[in-house]
Each structure stands twice: as structure tokens, then as C-alpha cells.
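Here's the structure we're looking at; comments come further down.
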Amino acid sequence: MSDAEKPHKDLLAEALRILGNQYDANADFNAYFDGDEPISCPSALPDVGAYQYERSKALFWLDREAYDDERTAWENDTHQARHKEVIELIRAQASEAPFQDLLAAVERGRVVPFVGAGMSKPMGMPLWGEALGELLGRLPGADAVGISALIGAGKYVAAAQALVEHDAVQTSNFVRTKYRVQKIKLGGPMGLLPRIAKGCVITTNFDDAIEQTYRGVGVEFHAYMHGTQEHNFFPRLVRGDRCLLKLHGDADDPATHILTQAQYAAGYGNPYDFHKPLPKALRQVFVSQSLLFLGCGLDQDWTLELFEKAKQADEYAIPNHYAILPAPEGEQAKQKKATRLLTLNIQPLWYPAGQHEFAARYLQLMVDVTERRVSYNG
């Protein structure tokens, strides 16, 4: 080979390597397409049997456009099949129109996730009731019977108040150490947030799973508010920049924690004072964007009380909001909860009680529709 021919040979080898990698990247489709008998070609040599070629490889190298068309059709069918159960669930509860409105809000960049403890649960973080129960078990001198009753009734603020009054140092240390996500795997429902939310994110969680999730895809928040401590939050919120509002504070900074009745009164007012930063921020989002509640039970919820106060003022046109929720047991309980939510323009999207994996499946359907991998026509 001449020196002049060598660069051309190297270039050809590199092109073949790149194309080979492209073929190998579609291993699932290739295996599906190769399910039939391989292509056989008779040999011109009498002692050599027929040549056999994998169908996918033959199509890839001989007709790239046809290969891509077949792969796209297969991917569409595969994605549609993956979402069939969720789509049927949406239809069964006659929620096609609200879900389409939610998809439109995502595409316009108007959705603000409101993230509860249920979203961090798959990462090893406890639900708030579980955490309070664990802390109570570490404080042998506390009123176990009384505090357990408060936890069981869902009165978590009152339970936290009692625990702080018993031992404020241990309670603060527990929050700081318990809600530290050392290392997370990107994925699951939390991993989908950066693909549906381009602006503000609100959470009741102490942990930093949201920050780590966004950082893992190369995105940082421009401003944040931890409890009542805000860092350039409101100007960035109004501009639509990426902002993080951690309502209960950050685990690493006890000065930001809002746990007790006294801290709630100081942070929110009693009754709610919309001149204070936290109520002001929540009202701003409630009247201007579409909240999507994730991992939140929305039972005996102070957030709903605040939104009720904001709506009762009748000063704003409230947009539609959405909540992906486990259905309460019994149709009457479900109707009662739906009525309260709908009063606040919150459209519930139910899933079967206890099957919390449906939260991720709803989100994945939203992502695949808005990123044009599947079609959804209600």
C-alpha cells in the first residue's frame, strides 16, 4: 500500500467502526428483527454450504433508510405497549382532558413539581411519619404514647413540636444526619424531573436528592430558598429561572429547619401572612404556574389550607394544577378528596392504592409524549 492510500484506508476503517457502533447500539431491535430465520444465500462453491446473514445486519448495511424506518416503527410500538396500562387507567377515570392539559403545560414550560417524601422514598429516605417514629424510638424519656398517637393521626407538626420540646438538640441532629443522600442512582421518578421542569421546583423534603439529580444531568439551580432563608429567589422566580424552594429547610443547616408549630407560625404567620417570604412564594407559583404534586398525600395538608386562603382572596385567576395520587379506599372517600382538590383547581390523577410505581409510569408517559417518542390522543 502506498503512503497516499494509507490515510484513505484509515478513514474507511474509522467510518466502519462508527457505523458498527451505531448498529450495536440497537441491540434490542436487532434481536427482535432477527427473530425469524436468517437470510440464506447459496454458495458458488460446491463444497461450501449456503451463507447465512442476520436480517438486521443485512438491512443495516444494504439499506440504511429501510433499517431506520423498521427500527422507528418498532420503537413506537414498544413505547406504546409500555404505556398501555397507564393510558387505560387515565381513560378509566375519565381523565383524558386533564392529562392532555398537563402535557400542554409541560411543553410550554409552565409546570412546577411539588415534591413530597414519596419521591425520595425509593432512594432510602423515610416518609415523615416514619422518621418521627424512628426519632421517638431514640428518645426513651419522651411521651411515647402521646407522640405515637399524633404520628398515627398524621399530626406531624404537633409530633415534631413535642419531640423538639423533649430534646431539641437530638431532634435537630437527627434531621441533619438522617436526610443526607450520600450517593444516588439517577433514574426512577426523581430522575425524570429535569425533563419536565425547566423552572422552579418545590419540595417539602430536607434531603438533597433533587439537587443531585439535576447536577447529574449537568444542570444547576440559579436561586434557592431554604425555609425562610432566600438567596436571590424572588427575582429569579419571576424571570422563570431554575429555582429550588425547600419549604422545610435543608438538612445540613438547622437554622433553616421548619419543624414545629412555633417555627411554622414564624415562617407562615398564624393565620397565613402573605407578606412573609414562604407564603408569598407559594402564592406566586399557585396563581401563575401549574403545580404538579408528586409523592404527596395531600391529606390534612397545610399547603392546601394556604392555597385555600389565596383563592378565597379572589384576586387572581387560578390556573389548573395536578396531583398524581394513590386512590383512597372506597368511592365515597375518593369523591370527598377529589372534591376538595378540584375546589382548588387541582386535578387528581389516581393510581391504585399501594402501587406507587405508577407515579414513575405517569411521569415516563409524560416524558415520552412531550419528547415525541409516543403519541397520546386521549
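The values are calculated or read from the model by the stated rules, or taken from the named source; none is laboratory data. All figures in this text were calculated on a predicted structure; none of them were measured in a lab. Here the Cβ is made from the backbone with ideal geometry for all residues, glycine too, and neighbour counts use every protein chain on show.
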- Query: When the residues of the stretch 230-271 are filtered to those that are in a strand (DSSP E or B) and at pLDDT below 90, which remaining residue is surrounded by the most Cβ atoms within 10 Å (Cβ to Cβ)?
  - Reply: Glu230
- Item | Residue list for the stretch 296-328, restricted to those being of a type in the set (Phe, Trp, Tyr) and either buried (at least 18 other Cβ atoms within 10 Å of the Cβ) or under 20 Å from the mean Cα position of the chain (by Cα) (or both) | Phe307, Tyr322
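How many residues are more than 30 Å from Ala149 (Cα to Cα) and out of contact with any strand residue (DSSP E or B) (no Cβ under 9 Å at 6 or more places or on another chain) when one looks only at the stretch 109-130? I'd like the intermediate steps shown before the answer.
Step one: filter the stretch 109-130 for residues more than 30 Å from Ala149 (Cα to Cα), giving 109-113.
Now drop any that are not out of contact with any strand residue (DSSP E or B) (no Cβ under 9 Å at 6 or more places or on another chain), which leaves 109.
Total meeting the criteria: 1.
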- Message: Given the condition under 21 Å from Asp207 (Cα atoms) and among the charged types (D, E, K, R), answer yes or no: does some residue in the stretch 274-281 qualify?
- Response: no
